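**Student:** Take a look at this one; I'll ask things after.
Just so it is clear, none of the values below were taken in a lab; they were calculated from the coordinates. Predicted model only: the values in this text are computed from it and were never measured. Quick reminder, even Gly has a Cβ in these numbers, built from the backbone with ideal geometry, and neighbours come from all protein chains shown.
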Amino acid sequence: MKPFFLILFAVTLVGAGCHSTPRTTSAELRAKHPEWPSTVNEAVTKILAGMSEADKFAVRAKKKDELIAYHHGWGTGIRNEFGLWSGNYSLLSDCHAANPDGASLVIIEAVWEKLRVQLPRESSWHTADEGTFTVEIPTWLQKQEVHPIDSHCGEYRSPWMRLDFDELYGLGFTPEKGTALHDQFARKFESTPQGESSKEFIKRVGNRFARFKVGDGNPGAFVVDVYIPDKRGGYLSLWITYPDPADTETALRIAKSITFKK
């Protein structure tokens, strides 16, 4: 007589085999839903084609163990739109996942990995002319359309980096305030050795002084922040954010290239 646990194990295997999930999507469903991807690669391609640069930047900035935060919202959309709850067994099988919840995470991680790949970047740089100042930037940073209200602001983006600036004169920022900050930065520059590899330092920019800060920005991102007061009653604030700390050198090169026209 066989031991009871062996009989139970055999019954379990038979039951599992009788209710196994099909490995491919039926021809009927495939004809009805031609938009469903059949593989993880197809799903990733579809998702990337519809993502904005801002969304790509946000996902790329995440750590892998933070991607679970997308389970609801983005993950729900993947499960619904790609038919993971509706019979798209080809995609479920290619994900090597036990259920649609696990499959959607596999797809999200694949998108993240694709975005994290260090694609070849052009090494050429050019001068971005912003009217009152210029800055040297890589050609892969593209200018975005913005709609300022009461200041001169701008934005440049790429999958690897984002540059923003805000230049303001007036609106409560008086010449007295500008002069006070200018003099404060000047005293620090003249009295203390400024190591440009440190987290914060002062640098002369023409006849002005700029405060540079290098460190963490939003969660999962790094930032180089530049603040330059003007004794005439204004300032330029420029900040560069990026998810890969290896890009700090590039961000600093951009920030240090600021040149005022007057």
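**Student:** What pairs in LYS188/LYS231; LYS203/LYS261; LYS231/LYS256; LYS114/LYS203 have C-alpha atoms more than 26 Å from each other?
**Tutor:** Where the Cα-Cα span goes over 26 Å, the pairs concerned are LYS114/LYS203.
**Student:** Please report ARG162, ARG60 as a ranked list, fewest other C-beta atoms within 10 angstrom at the top and most at the bottom. Mind dumping the intermediate values first?
**Tutor:** Working: ARG162 23, ARG60 20.
Listing ARG162, ARG60 from fewest to most nearby Cβ atoms yields ARG60, ARG162.
**Student:** Mind ranking 134-143, 77-86, 165-174, 64-73 by how tightly packed they are, going by the mean number of other C-beta atoms within 10 angstrom, highest first?
**Tutor:** 77-86, 134-143, 165-174, 64-73
**Student:** Sticking with this one: Tilt of helix 100-116 relative to the longest C-alpha principal axis of the chain, in degrees (0 to 90, nearest 10)?
**Tutor:** 40
**Student:** To continue, here is another question. Could you point to the residue in VAL205, HIS147, ALA54 farthest towards the positive end of the chain's charge dipole, with +1 and -1 charges on the Cβ of Lys/Arg and Asp/Glu respectively?
**Tutor:** It is VAL205, whose Cα lies furthest towards the positive end.
**Student:** Continuing with the same structure: What is the chain by shape, rounded, prolate or oblate, if you read a ≥ b ≥ c off the alpha carbon gyration tensor as root eigenvalues and call it rounded for a/c under 1.5, prolate for a/b larger than b/c, and oblate otherwise?
**Tutor:** Prolate, because a/c is 1.5 or more and a/b exceeds b/c.
**Student:** By how many degrees, 0 to 90 and rounded to 10, does the Cα axis of helix 40-50 deviate from the longest principal axis of the chain?
**Tutor:** 40
**Student:** Calculate log10 I(q)/I(0) of the range 163-249 for q = 0.14, 0.18 Å⁻¹, where I(q) comes from the Debye formula with a single equal point scatterer on each Cα and nothing for solvent.
**Tutor:** With one equal scatterer per Cα and no solvent, log10 I(q)/I(0) is -0.53, -0.81.
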